[in-house]
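Below is one structure. I have some questions about it.
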Amino acid sequence: MEQKPIYVTRPEMPPLEEYVEKLKEIWESGWLTNMGNMHCCLEKELKKFLGIEKLFLFTNGHIALETAIEALELTGEVITTPFTFSSTTHAIVRKGLTPVFCDINSSDYTIDTNKIEDLITEKTSAILPVHVYGNICNVEEIDKIAKKYNLKVIYDAAHAFGVSKGKKSILEYGDASMVSFHATKVFNTVEGGAVIYKEPDIGKKLLALKNFGIRSEEKVDYIGGNAKMDEFRAAMGLCNLKYMETFIRKRKQIYERYVERLEPLSGIIVHPLLAEAQSNYSYFPILVQEEEAGVDRDEIYEALRKEQIFARKYFYPLTSGLNCYQNRFHPEETPIAYETAKKVLTLPLYSNLSLEQADRICQIISQLIGRKEML
Ligand SMILES: *Cc1c(COP(=O)(O)O)cnc(C)c1O
């Protein structure tokens, strides 16, 4: 039987009828963008869902991150990690700043806080860590360092929607956090994002910057851009938000199935979840240790591809090694990130992936390793 292709993710979607109902409301209002009813409603519902007070919607996560950098007036050097999506590093560089790459922990792939202080110079203005795969950075330690050296902290929390530490949303740490609502993320508004911030003054600036710097009809305070979320996207968010608990519950089942089947395999390292953290089960990365597995990451990637299963090498290459930055940075200077990027493979995970499909993926990996073990 011909198998349908399985991609690394599929967008989480609400029932079409529910979206159509929202479209009718938009048609009746005749209001398509510029902070309309859907936009206001979504901001309110998100704050409630996340248990936070200060959040602004944006048209996508990347522009939200650039706007946060602008609102916090960062200058000079920004300490960050290269084990992330290109957006993180691009945002820093596009704002005229210099990224300074810190290595990651081998346990959770977030910034190694023991290595931050050595990278601080008189030009450093901020730390921009990534809650990669929804794994929580060492927020307390980052806070301490930021206080000690008077640095700002912006989290790339693109993967961390709905993640909390104890009872507290992870988005409450730092001066600001950016979340992405891109179609491939655990919660989507087709394209979209948000900034969660702390200081009211920063809030005012964020709000103006996403709408051309406009304060009132005749006052334009900043040379802002356009980063507003429209009503159609906000409506998609409102529909999807209702199903978040279901989406996350289903993802958890698949996540646990993967752990159960893959953890016993020699040379396959599955990433452990922190006991204190509430996860959103957004990604399932594995590390392939070639010496023990007898196969390397690329062989597993190819074997899955042959079966129409499209796992992805998130995050390879490191952003510091991207060809657009040729020779400017040195990926080998963050050796743990460098090695991790060579071994990591992110497996398909979305709420409509069936357990049978997950089992099939595990079986292909397991047979590949088994075959090598028998040689
Ligand atoms: C998706 C993503 C972004 C960018 O978000 P968009 O909404 O796609 O613009 C930034 N950083 C990371 C780590 C991401 O995964």
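Go through the range 186-207 and count every residue that is within 16 Å of the ligand (Cβ to nearest atom) and of a type outside the set (A, V, I, L, M, F, W, C).
The qualifying residues number 5.
Against the definition (aliphatic (A, V, I, L, M), out of contact with any strand residue (DSSP E or B) (no Cβ under 6 Å at 6 or more places or on another chain) and either at pLDDT 95 or above or within 14 Å of the ligand (Cβ to nearest atom) (or both)), how does residue 183 come out, yes or no?
Yes.
In the range 281-305, which residue that is among the small types (Gly, Ala, Ser) and either buried (at least 21 other Cβ atoms within 10 Å of the Cβ) or over 13 Å from residue 368 (Cα atoms) (or both) is modelled with the highest pLDDT?
293
For residue 308, only one of the following conditions fails: (1) in contact with a Pro (Cβ under 7 Å, 6 or more places away or on another chain); (2) surrounded by 14 or more Cβ atoms within 10 Å (Cβ to Cβ). What is its number?
(2)
Answer yes or no as to whether residue 212 is within 16 Å of the chain's Cα centre (by Cα) and either more than 13 Å from the ligand (Cβ to nearest atom) or under 23 Å from residue 249 (Cα atoms) (or both).
No, not satisfied.
Okay, moving on. Only one of 316, 281, 258 is of a type in the set (Phe, Trp, Tyr), closer than 27 Å to residue 187 by Cβ and free of Cβ contacts under 8 Å to residues at least 60 places away in the same chain; which?
316
In the range 313-325, is there at least one residue being surrounded by fewer than 17 Cβ atoms within 10 Å (Cβ to Cβ) and among the hydroxyl-bearing types (Ser, Thr, Tyr)?
For the range 313-325, residues surrounded by fewer than 17 Cβ atoms within 10 Å (Cβ to Cβ) and among the hydroxyl-bearing types (Ser, Thr, Tyr): absent.
Could you count how many residues in the range 62-82 are away from the ligand (no atom under 12 Å from the Cβ), in contact with a strand residue (DSSP E or B) (Cβ under 7 Å, 6 or more places away or on another chain) and either at pLDDT below 95 or not in a helix (DSSP H, G or I) (or both)?
Of the residues in the range 62-82, 7 are away from the ligand (no atom under 12 Å from the Cβ), in contact with a strand residue (DSSP E or B) (Cβ under 7 Å, 6 or more places away or on another chain) and either at pLDDT below 95 or not in a helix (DSSP H, G or I) (or both).
The values are calculated or read from the model by the stated rules, or taken from the named source; none is laboratory data. Keep in mind that what you see is a predicted model, and the values were worked out from it rather than measured. Cβ sites come from the backbone with ideal geometry, for glycine too, and all protein chains shown count toward neighbours.
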